[in-house]
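To start, the structure itself, in structure tokens.
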Amino acid sequence: MTATGGVTIVTGASSGLGAGMAGELARRGYPLALFARRTDRLGALSVELTAQTGTDVRADALDVTDHDAIFARFRDAAEQRGGLARVVVNAGIGKGARIGSGRFAANRDTLATNVIGALAQMEAAMEIFYQQGAGHLVLMSSVTSGRGLPGPMNAYAAGKAAVTRLADGIRLDVAQKGVPITVTSLHPGYIESEMQDRTGRRHRLLVDADTGARALVDAIERGRNTECVPRWPWTGYRQLVNHAPRQLLTRIL
Ligand SMILES: NC(=O)c1ccc[n+]([C@@H]2O[C@H](COP(=O)([O-])OP(=O)(O)OC[C@H]3O[C@@H](n4cnc5c(N)ncnc54)[C@H](OP(=O)(O)O)[C@@H]3O)[C@@H](O)[C@H]2O)c1
């Protein structure tokens, strides 16, 4: 499914997967509105992509924990850019801590950004898509979303599970209403990014940033309900994480 008419929003586009998807989407000719908090990086990226690709790429500041700002920015983008073709709900953090370790704030912040921030983006996008009678909502979940996970991954994985379930519910709403809105949950495996760098370890299956970005945008264009990205090896890996016995689980994460 390709987006027709209007702008594609990517949140969390100042680094990592968001910046990579922005580059790939711009090269494929989709007009973009990029959002994040680090406007210096975002501004430089939008200038670079517009110059390189000739695609209209614009950038603006947005903190996804500022919910009113999300609704305002999404409405402005739709009004100023001929409608809203697609929203990629990508902004996220991964700074969880083992529950009971005295770092409640880390888990609270992870869920505030990755779940409530994502919910606000879903609400803002879907309101506009319903008015338009079309649109494509893309949610960045994770291969870790299918199971409760230990230690610092607990709140993060639970948050991604919530995002996946919210997407499933929206898809049912849309089907009941018979509106041609597509809802895609992407489950990336480990892809090179600042979030991955901050873990301080390199997963043996880590995918490089360019390969990851291309695979993500290929999956976005296919517009399926749900996909692991890249499909190989992460479709199998997700099954393994979902069903592995506890002793094996900690070794493969
Ligand atoms: N990399 C992976 O292997 C992987 C795997 C599965 C899922 N994911 C998901 O992919 C998404 C992107 O992650 P990444 O790996 O690319 O990490 P990253 O390089 O750290 O990028 C995170 C992006 O989110 C933005 N962000 C964070 N908090 C924000 C806030 N409050 N408001 C607005 N923007 C915010 C950051 O921009 P500012 O700091 O400038 O605001 C940055 O652009 C996340 O949802 C992550 O959970 C990543």
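The values are calculated or read from the model by the stated rules, or taken from the named source; none is laboratory data. Since the model is a prediction, treat every value here as computed from it, not as a measurement. Glycine gets a Cβ as well: all are built from the backbone with ideal geometry, and neighbour counts include every protein chain shown. The protein model used for the area step is the full one, side chains on, heavy atoms only, and it has no ligands, DNA or RNA in it. Shrake-Rupley method; radii C 1.70, N 1.55, O 1.52, S 1.80 Å.
For region 7-252, compute the orientation-averaged projected area of the C-alpha convex hull (one quarter of its surface), in nm².
Values: hull surface 51.5 nm².
Projected area, direction-averaged: 12.9 nm².
What the pair-distance distribution of region 146-236 shows, using all Cα-Cα distances binned every 5 Å from zero, is 3, 12, 18, 22, 21, 13, 7, 3, 1, 0 percent. Model label points for His203 and His243, set 7 angstrom from Cα along the Cα-to-Cβ axis, are 1.9 nm apart. Once the 1.4 Å probe is applied to the protein heavy atoms, the chain comes out at 46 Å² accessible per residue. Ligands, DNA and RNA aside, Ile128 has an accessible area near 10 Å² when probed at 1.4 Å. With the simple spin-label model, which puts each label point 7 Å out from Cα in the Cβ direction, the Thr235 to Asp40 separation comes to 4.3 nm. Within the chain, the whole DSSP H helices whose Cα atoms reach 30 Å or more along their own axis and whose mean Kyte-Doolittle score is at least -1.0 are 154-177. Atom-type composition of the exposed protein surface of the chain places 52 percent of the accessible area on carbon and sulfur (1.4 angstrom probe).
Could you work out the relative contact order of region 130-195? I mean the mean sequence separation of Cα pairs under 8 Å and 6+ apart, divided by the number of residues, in percent. Let's see the in-between values first.
Details: 81 pairs, mean separation 31.5, N = 66.
The value is 48 percent.
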